[in-house]
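K.L.:
Here's a structure for you.
The values are calculated or read from the model by the stated rules, or taken from the named source; none is laboratory data. Quick caveat: nothing in here was measured; it's all calculated off a predicted structure. Neighbour counts are summed over all protein chains in view; Cβ atoms, including those assigned to glycine, are modelled from backbone coordinates with ideal geometry.
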């Protein structure tokens, strides 16, 4: 499949409400989109890097720079998604940029072949259960109102962002208000250290599905030690950047659950490798989110339809984050999102919305 050229497009997407985590607050998404053009089809990819290097070392300006200077020029004249991976392997890091490029090439290839991404990846379901991530709030009453709203919408699982000073009381309040049967988990985004183990062990009484990334992303050994001191299952997120990292974490006993974010691990092909590895070892996985627009959300929903994704992911409906999504909105139905069945990712950006939110474009000829 010969690639004619690639467009880098920056868009600004305001969030319906500020989203606060232990590392910062977002009010809008500065998103880098890639459009791969071939004689037979066009493909779209979404880079999940944030504006600043807070969640990871990557950030959106850096992703655009490495794509134009190194990654795109390295592509062979004719490339499929597997060839993209081979061509980009010499370049260290920059997994979010690589994932966006791989996704756009894969989307174009699958559109030309009239095959859906879900079918290509090996999906086993036509819909996936949807969870929702609830950011850190200004007060517990505000949190309880937010959770009540999401449960009324039909979300199957609630995830609470936590940090030191906002952990035990919010979790207790949610449990007391909504009862023990609501699937509930927490996400620390690496906000704690091993010295906090006695404090984190106090979460055990709440019957949580898991605690996500409690300690530093580069310390699996400490996570293994923490796992022996608490009964709440540990899920790793930022620590897992490849199938090799997942294998190491499993071997160390650093986790019993893994959150697979395609952007964080370098793409959907690597995400599938991690899924296959975890499934073979009996480790539960779920699909995380990075406040994606409909383009990234469509691909994530396809991934979450694989058989090893046994826990609800952060594949929320479009209106959880955006008043108007970039594509036809993903709507929650009975707590689930429908897996797209059209060619490629199965959705297209709406031209009038795309034009409205675009802040810059750049065309690169191969």
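K.L.:
Check whether at least one residue in the range 343-365 is farther than 19 Å from residue 123 by Cβ, surrounded by fewer than 12 Cβ atoms within 10 Å (Cβ to Cβ) and at pLDDT below 95, and report yes or no.
P.N.:
Yes - at least one qualifying residue is present in the range 343-365.
K.L.:
Residue 51 is checked against (1) surrounded by fewer than 18 Cβ atoms within 10 Å (Cβ to Cβ); (2) under 23 Å from the mean Cα position of the chain (by Cα); (3) not in a loop (DSSP other than H, G, I, E, B) and fails just one. What number does that condition carry?
P.N.:
(3)
K.L.:
Every residue in the range 109-128 that is under 30 Å from residue 38 (Cα atoms) and outside any loop (DSSP other than H, G, I, E, B), please.
P.N.:
Those that are under 30 Å from residue 38 (Cα atoms) and outside any loop (DSSP other than H, G, I, E, B): 109, 110, 111, 112, 113, 116, 117, 118, 119, 120, 121.
K.L.:
On to the next question. So which of 215, 200 is crowded, with 21+ Cβ neighbours inside 10 Å, free of Cβ contacts under 8 Å to residues at least 40 places away in the same chain and not in a loop (DSSP other than H, G, I, E, B)?
P.N.:
200
K.L.:
Another question about this same structure. Of the residues that make up the range 274-281, is at least one within 20 Å of residue 131 (Cα to Cα) and either surrounded by 22 or more Cβ atoms within 10 Å (Cβ to Cβ) or touching a helix residue (DSSP H, G or I) at 6+ places or on another chain (Cβ under 6 Å) (or both)?
P.N.:
yes
K.L.:
If you don't mind, there's one more thing I want to ask. Would you confirm, using the coordinates I've provided, whether residue 105 is over 21 Å from the mean Cα position of the chain (by Cα) and crowded, with 23+ Cβ neighbours inside 10 Å?
P.N.:
no
K.L.:
If you check 181, 218, which single one turns out to be in the same structural domain as residue 283 (by TED's automatic domain parsing) and either modelled with pLDDT under 95 or in contact with a helix residue (DSSP H, G or I) (Cβ under 6 Å, 6 or more places away or on another chain) (or both)?
P.N.:
The match here is 218.
K.L.:
Kindly indicate whether residue 131 is part of a strand (DSSP E or B) and either at negative phi or buried (at least 20 other Cβ atoms within 10 Å of the Cβ) (or both).
P.N.:
yes
K.L.:
Looking at the structure I just gave you, is residue 304 crowded, with 24+ Cβ neighbours inside 10 Å, in contact with a strand residue (DSSP E or B) (Cβ under 8 Å, 6 or more places away or on another chain) and closer than 26 Å to residue 112 by Cβ?
P.N.:
yes
K.L.:
Next up: When the range 152-174 is examined, which residues are found to be touching a strand residue (DSSP E or B) at 6+ places or on another chain (Cβ under 7 Å) and either part of a helix (DSSP H, G or I) or not assigned by TED's automatic domain parsing to the domain that holds residue 213 (or both)?
P.N.:
170, 171, 174
K.L.:
Residue under question is residue 262, and the condition is that it be touching a helix residue (DSSP H, G or I) at 6+ places or on another chain (Cβ under 8 Å), modelled with pLDDT of 95 or more, buried (at least 19 other Cβ atoms within 10 Å of the Cβ) and more than 17 Å from residue 214 (Cβ to Cβ); does it hold?
P.N.:
yes
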